[in-house]
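Before any comments, here is the structure.
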Amino acid sequence: MNKTYAILGSGMQGTAAAYDLALYAEPQRILLADASAEQAMRSADRVNGLVGREVCEPHQVDALDPAGLGLFLKDVDVLLSCVPYWMHPRIAKVAMASETHMCDLGGNTDVTLETLSYDEEARHAGVTLIPDCGLAPGLVNSVGLFLIEQMDTAHSVRLYCGVLPQHPKPPFNYKLTFNVQGLVTEYDYKAVALRDGEIVWVDTLADLETIEVDELGTMEAFTTSGGTSTAPYTLKGRVRDYEYKTIRWPGHCERMRIFKDFGLWGEEPVDIKGVQVRPKDVFCRVFGEALAKIKDQDQCAVRGVAVGERGGQPVRVQADIFDKQCPLTGFTSMERLTGFSLAIHALELAKGGMPTGALRYETALTGTRFCEEIQRRGIRMKVTESVEDPREPLALS
């Protein structure tokens, strides 16, 4: 397509997104940027080696320097933001000034709403902004849309996702696959859901349930924040219930609640021997570094379950994705499902068919279209249907 793409943040997800663009977008150039010149070089070399041509260029860029970022985006058609979630609105401002389309990995609904507040400004600049294009939020919501699109009327949608170690080790049975601050945000902040047709804010690390996953066995699932993003607002009036939960190995939720209940994620400073520190900062430093030492390949389970009606008959549709770390490329399932998902939206932006403005994720691309694209990348989705009375509570396992 002869377009120039730029990626801010050349870590795990950014590198996977660059690889996907190199394979599927026919790019003129991919500018792979990071605050660390060494990291950018390492990631660009990796992608170029995997695809067998020099398509990625490494760049050292300070994402929070508007002047420097503006120069970097001068000839860029589409920007993919893979930096910590709180940076996205600041970067979006520069993207609009540079007349560059942008999609990001999101992760926090309040921050996403800030980006969406730029709708008029984005339309005036002639660009499109799409936040929350990762895994959860992101891919899981596309699965939810896909389910809704299979029905004449959808009543309830339940979404689940978990990135897990293949060889879990006690006590947490978990492997850190993204920024630890993002993990704590998911576990600590309130979650947005649709229940009985109304928007509600629900506690995280709550509503614990057991589910059965064919490839894993008995797992647990519980509420976390961010996964639904803006979908409950968009789908209000169209579906009655819309919720998201995280999948973990049994026992994980209870152990993490200890940190939450005893204030280890507090954001107000406390005095420790004359030094003011935030408990959350200490936790992220200590716990994050400890989890980072766990070396294991990952796997990811995604499930969507919906009940509704089709042709005047009740129907239950379930979609399951199960993915493991790729032995050929070395990309983890987290990188594949997150980075590839972002790249799919970047490619659609480059095609120029989307309206300008700041778009809610669930309005940018149909679930059916997205699921076709993610499966084209070798990530299979199993869909099963059964008859179920939509007036009954949704079966969750």
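The values are calculated or read from the model by the stated rules, or taken from the named source; none is laboratory data. No experiment lies behind these values; they were computed from the predicted model shown. Glycine also receives a Cβ, built like all others from the backbone with ideal geometry; neighbour counts cover every protein chain displayed. Please note that ligands, DNA and RNA were not included when accessible areas were found on the heavy atoms of the full protein model with its side chains. Shrake-Rupley method; radii C 1.70, N 1.55, O 1.52, S 1.80 Å.
Separation of the range 249-328 and the range 180-202 by C-alpha centroid, Å?
Spelled out, the Cα-based centre of one part sits 12 Å from the other.
Quickly work out the residue 254-to-residue 296 label distance, labels modelled 7 Å from Cα along the C-beta direction, and quote it in nm with one decimal.
About 1.9 nm, to one decimal.
So how far apart, in nm, are the two label points at residue 351 and residue 36 if each is 7 Å from Cα heading toward Cβ?
Going by the 7 Å Cα→Cβ label model, 3.6 nm.
Quick check on packing: order 248-255, 333-340, 349-356 by the mean number of other C-beta atoms within 10 Å, highest mean leading.
On the way: 248-255: 17.4, 333-340: 26.6, 349-356: 15.2.
Per-residue mean Cβ counts within 10 Å order the peptides as 333-340, 248-255, 349-356.
Quick check: net charge around residue 234, other residues with Cβ under 10 Å of its Cβ, Lys/Arg +1 and Asp/Glu -1?
Values: positive: 236, 238, 360; negative: 362.
Cβ neighbours under 10 Å give a net charge of +2.
Given a 1.4 angstrom probe, I'd like the percentage of the accessible area of the range 1-65 that is carbon and sulfur, rounded to a whole number. Display every interim value, and only then the final one.
Details: 1260 of 2770 Å².
Accessible surface attributable to carbon and sulfur in the range 1-65 totals 45 percent.
Hey, what D do you get for the range 182-233 in µm²/s if you plug the Kirkwood alpha-carbon radius into Stokes-Einstein at 25 °C and 0.890 mPa s?
On the way: Rh = 12.1 Å.
Estimated via Stokes-Einstein, D reaches 204 µm²/s.
Check the straight Cα-Cα distances from residue 3 and name the lysines below 21 Å, setting aside those fewer than 8 residues away within the same chain.
List returned: 74, 351.
Counting only other residues whose beta carbon sits under 12 Å from that of residue 319, what net charge do I get with K and R as +1, D and E as -1?
Details: positive: 158, 303, 316, 380, 382; negative: 149, 320, 385.
Residues close to residue 319 contribute a combined charge of +2.
First measure r as the distance between the Cβ atoms of residue 313 and residue 202, then evaluate 1/(1 + (r/R0)^6) with R0 = 56 Å and state the FRET efficiency to the nearest 0.05.
Details: r = 32 Å, r/R0 = 0.56.
It comes out at approximately 0.95.
Non-local amide H neighbours of residue 153 (under 5 Å, H modeled in plane, Pro and chain starts lacking H): which ones?
309
Rounded to the nearest 500 deg cm²/dmol, what is the calculated helix-only ellipticity per residue at 222 nm for the chain, with -39500 (n - 2.57) per DSSP H run of length n ≥ 4?
Working: 14 runs with 142 residues, N = 397.
It lands at -10500 deg cm²/dmol.
Which of 232, 84, 171 moves the most in a Gaussian network model of the chain with Cα springs under 10 Å?
Of 232, 84, 171, the most mobile in the Gaussian network model is 171.
When Rg is the radius of gyration of the Cα atoms in the range 1-144 and Rh is its Kirkwood radius, what does Rg/Rh come to?
Numbers: Rg = 14.3 Å, Rh = 15.1 Å.
Dividing the radius of gyration by the Kirkwood radius yields 0.95.
What share of all Cα pairs of the range 26-98, in percent, falls into each consecutive 5 Å distance bin?
3, 16, 26, 24, 18, 9, 3, 0
Top mean-square fluctuation among 140, 302, 111, Gaussian network model of the chain, C-alpha springs under 10 Å?
Per the Cα network of the chain with a 10 Å cutoff, 111 tops the list.
May I ask you to give the solvent-accessible area per residue for the chain, in square angstrom, as obtained with a 1.4 angstrom probe?
Numbers: 16520 Å² over 397 residues.
Dividing the accessible area of the chain by its residue count gives 42 Å².
What is the ratio of the Cα radius of gyration of the range 114-206 to 2.2 N^0.38 Å, with N the residue count, to two decimals? Write out the running numbers ahead of the final one.
On the way: Rg = 17.1 Å, N = 93, 2.2 N^0.38 = 12.3 Å.
Scaled against compact globular proteins, the figure is 1.39.
Take the residue pairs 295/324; 273/293; 169/280; 175/293; 175/324; 190/324 and return only those whose Cα atoms are more than 18 Å apart. Present the calculation step by step, with values, prior to reporting the outcome.
Numbers: 295/324 15 Å; 273/293 29 Å; 169/280 24 Å; 175/293 9 Å; 175/324 14 Å; 190/324 30 Å.
Violating the 18 Å limit, Cα to Cα: 273/293; 169/280; 190/324.
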